[in-house]
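The values are calculated or read from the model by the stated rules, or taken from the named source; none is laboratory data. It should be emphasised that the depicted structure is a prediction, and the values quoted were computed from it without experimental measurement. No Cβ is skipped: glycine too gets one built from the backbone with ideal geometry, and neighbour counts run over all protein chains shown.
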Amino acid sequence: MQRSHYVRGVLLAAAASLPLASAVVAHASTDSAGDPGSSVFVQTNGPTGNAIAVYDRHADGTLTWEATHATGGNGGRAAGSNSDPLASQGSLVYDAHSSLLLAVNAGSNSISVFGVHGESLDLRQTLPSGGAFPVSLAVHGDAVYVLNAGSAANVSGFRIADGRLHPLRDDIRTLGLNETNPPQFLASPAQVGFTPTGRQLIVTGKTNNFIDVFAVRGDDRLAGSLVQTPDGSVPFAFTFSPSNQLELVNAAGNLAQSDVHHDGAVTPDGAPVANGQAASCWIATARDFAYVANTGSNDVSVYHVSDSGTVTLVNATAASGVSGAIDETTAGGGRFLYVQVGLGSSVNAYAVHWDGTLSLIQTVAVPEAPARRESPPPEPARHVRWGRAVRPRPWRLQGPPGHQGWSWSGASRAPSRGRRSGQRRRPAISNSMARWLTRWRGRVSPGRPGASGSDRAIL
């Protein structure tokens, strides 16, 4: 029986039966013996049960599958999509300082929040995204924004507190689009992301040919009206250079650098640098190099970005034969590049050499998503008011391994370990100490989209 896997959307015609596989993230950690380790996370985007596949990343960059964790939601597919069902960048985001992994569930209009402990994941929340068909996430400080691409497309704000996400009251901003649900893959917005300072939020519009910029207030809410800059090159994915310039991939087949001004205006900084390839849509950086995935020509281009911001095409086909190349991520301090094979339900691992050239070291399959387990009941609405999260006690999975029931659990109370009759309960830390520890650990440092202090990466 042929496997059926999604691979997070892109720009091509639809087919009747397509593979699945969604986004990838890599991270570094340290085990209990003090030895360094790392993991790569891949989102499956399964339509009947989204999941996160966890891989152990070895010192040579090769991967070994460890486990698969259900998100409690469903994946989705944009209308007309082929190699990337979500037609976006940033659907899976890891933040090192809060140790949270965030994933979108486009088919059930929700977000999943995992706590990350080395190679282990624990599902903490599955909550509404604030709109239809979520496709991209952005994190800066305690602020999180999700891009909902379906129906009346919008961006919706959340705040990280106590190791969980909490909706920001009255912080949903529409983009002036009237999409279907699921949206058409070429017409839906592509990515949401913060500027390096965190004071502006950017959204790209693909064939709507716009770059939207929102101002971000000190309380993490969006201020005033958006500033829209026309861009006729089909703006898709972006990141920021070390000199804080916007590096924007256009599906027309080029990489353009621009300046984002304080008033929200976006102005080009030189002419776009073409690569001659088809459907350039994703970007990842490693040291002084930017890698652009071209899903229409099944390859990856490499550019050099100097300290002054000058962009030079190094090799238009640094990696070829990547069937429907989509999401990318880097790891190992820029020594490895992982590219999702959109039409093959797999991930290619490459060694990145000093001159930016790539060597294929492995291709690993993305396993089937597990059957969807029972989800926790929908959580009551929670909002952040006066800087404090107001929420009820969370649902937690209780009982020994294999137990499928959900029941109330206090915020600092650990799941039951299946104690024998008469066995004494282990002492628990106080609620105040739990809150202090969470605040101490749950901070997210500023940085460019996708960057973090650890070596986890996402595709």
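In the range 334-345, how many are polar (S, T, N, Q) and either surrounded by fewer than 22 Cβ atoms within 10 Å (Cβ to Cβ) or on the phi > 0 side of the Ramachandran plot (or both)?
Matching residues across the range 334-345 total 1.
Restricting the range 73-95 to residues that are of a type in the set (Ser, Thr, Tyr) and more than 18 Å from Glu179 (Cα to Cα), which is modelled with the lowest pLDDT?
It comes out as Ser83.
Of the residues that make up the range 166-174, is at least one in contact (Cβ under 8 Å) with a residue 40 or more places away in the chain, touching a Pro at 6+ places or on another chain (Cβ under 9 Å) and either charged (D, E, K, R) or closer than 22 Å to Asn74 by Cβ (or both)?
yes
Considering (1) surrounded by fewer than 24 Cβ atoms within 10 Å (Cβ to Cβ); (2) basic (Lys, Arg); (3) modelled with pLDDT of 50 or more, say which one Arg3 fails and leave the rest.
Among (1) surrounded by fewer than 24 Cβ atoms within 10 Å (Cβ to Cβ); (2) basic (Lys, Arg); (3) modelled with pLDDT of 50 or more, the lone unmet condition for Arg3 is (3).
Limited to the range 204-260, what total is found for residues that are outside any strand (DSSP E or B) and either of a type in the set (Gly, Ala, Ser) or closer than 22 Å to Tyr291 by Cβ (or both)?
Start the filter on the range 204-260 by keeping residues that are outside any strand (DSSP E or B), which leaves 205-209, 217-221, 231-234, 241-245, 251-253.
Narrowing the set further to residues that are either of a type in the set (Gly, Ala, Ser) or closer than 22 Å to Tyr291 by Cβ (or both) leaves 205-206, 218, 231-234, 241-245, 251-253.
Total satisfying the criteria: 15.
Can you name the condition, by its number, that Val322 falls short on among (1) buried (at least 17 other Cβ atoms within 10 Å of the Cβ); (2) touching a residue at least 40 places away in the same chain (Cβ under 8 Å); (3) outside any strand (DSSP E or B)?
(2) is the only condition that Val322 fails.
Scan the range 210-248 for residues that are polar (S, T, N, Q) and modelled with pLDDT of 95 or more and report the count.
Final tally of qualifying residues: 3.
Checking the structure you have, find out if any residue of the range 360-369 is assigned to a strand (DSSP E or B), farther than 26 Å from Gly46 by Cα and modelled with pLDDT of 60 or more.
Residues of the range 360-369 that are assigned to a strand (DSSP E or B), as a first pass: 360-365.
Cutting the leftovers down to farther than 26 Å from Gly46 by Cα gives us 360-361.
Those still in the list that are modelled with pLDDT of 60 or more too: 360-361.
Within the range 360-369 (the criterion being assigned to a strand (DSSP E or B), farther than 26 Å from Gly46 by Cα and modelled with pLDDT of 60 or more), the answer is yes, since at least one residue qualifies.
With the requirement that a residue be of a type in the set (Gly, Ala, Ser), surrounded by fewer than 24 Cβ atoms within 10 Å (Cβ to Cβ) and farther than 21 Å from Thr48 by Cβ, what does the range 81-110 give you?
Residues satisfying the conditions are Ala96, Ser99.
Could you pull out the residue among Gly193, Gly198 that is over 17 Å from Leu248 (Cα atoms), under 20 Å from the mean Cα position of the chain (by Cα) and of a type in the set (Gly, Ala, Ser)?
Result: Gly198 is the single residue among Gly193, Gly198 that is over 17 Å from Leu248 (Cα atoms), under 20 Å from the mean Cα position of the chain (by Cα) and of a type in the set (Gly, Ala, Ser).
In the range 249-289, what count of residues is obtained for those that are of a type in the set (A, V, I, L, M, F, W, C), within 19 Å of Ser306 (Cα to Cα) and crowded, with 21+ Cβ neighbours inside 10 Å?
Just the residues of the range 249-289 that are of a type in the set (A, V, I, L, M, F, W, C), to begin with: 249, 251-252, 255-256, 260, 265-266, 271, 273-274, 278-279, 281-284, 286, 289.
Applying the additional criterion that residues be within 19 Å of Ser306 (Cα to Cα) yields 249, 255-256, 260, 271, 273-274, 283-284, 286, 289.
Checking the rest, the ones that are also crowded, with 21+ Cβ neighbours inside 10 Å come to 249, 255-256, 260, 283-284, 286, 289.
Of the residues in that region, 8 qualify.
With at positive phi and small (Gly, Ala, Ser) as the only criterion, which of Gly205, Gly198, Gly193, Gly150 stands out?
Going through Gly205, Gly198, Gly193, Gly150 in turn, just one is at positive phi and small (Gly, Ala, Ser): Gly198.
From (1) out of contact with any strand residue (DSSP E or B) (no Cβ under 7 Å at 6 or more places or on another chain); (2) farther than 16 Å from His261 by Cβ; (3) in contact (Cβ under 8 Å) with a residue 24 or more places away in the chain; (4) surrounded by fewer than 22 Cβ atoms within 10 Å (Cβ to Cβ), pick out the condition that doesn't hold for Thr197.
Failed condition: (2).
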